[in-house]
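Structure first, then comments.
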Amino acid sequence: MFRIEDVLDLYNEPYDPKKPILCLYEGPYQLLEEVRLPLPPEPHQPKGYGCEYKRNGVVNLFGFFEPIAGWRHIEVTQRRTKADFAKQLKDLVDVYYPKLM
């Protein structure tokens, strides 16, 4: 079992392009649309947004991050299947990090 301190120590190591530290994010994202225009701001106040919204479906986000190098790639897909996940990992190896394999 790892501790958050272990992760922070890992991020604190010197950058080595031959051994990148990669993070993967995958999850659904709800698409929302404002129903009403925001109220104009009062002096010294932000715009007023209502809590009413229209749902416009859900997409899936795949994100790859190399925090120490400052690199990221996000891809939006319509589905969330094993095949989609496998394609993302294949692209990571074949397209974004081909020299490491």
Item to complete: Please enumerate the residues belonging to region 1-55 that are more than 21 Å from the chain's Cα centre (by Cα) and in contact (Cβ under 8 Å) with a residue 40 or more places away in the chain.
Response: Glu13, Tyr15, Pro17, Lys18
Fill in: Of the criteria (1) touching a residue at least 40 places away in the same chain (Cβ under 8 Å); (2) within 20 Å of Leu92 (Cα to Cα), which one Asn60 fails
(1)
Worksheet item: Which condition breaks for Tyr96 when tested against (1) more than 17 Å from the chain's Cα centre (by Cα); (2) in contact (Cβ under 8 Å) with a residue 24 or more places away in the chain?
Response: (1)
Worksheet entry | Hits in region 92-101 (condition: aliphatic (A, V, I, L, M) and open to solvent by 80 Å² or more (accessible area, probe 1.4 Å)) | Val95, Met101
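The values are calculated or read from the model by the stated rules, or taken from the named source; none is laboratory data. As the structure is a computational prediction, the values presented were derived from the model and not from experiment. No Cβ is skipped: glycine too gets one built from the backbone with ideal geometry, and neighbour counts run over all protein chains shown. Ligands, DNA and RNA are stripped out before the accessible areas are found, and what is left, the full protein with its side chains, is counted by its heavy atoms. Shrake-Rupley method; radii C 1.70, N 1.55, O 1.52, S 1.80 Å.
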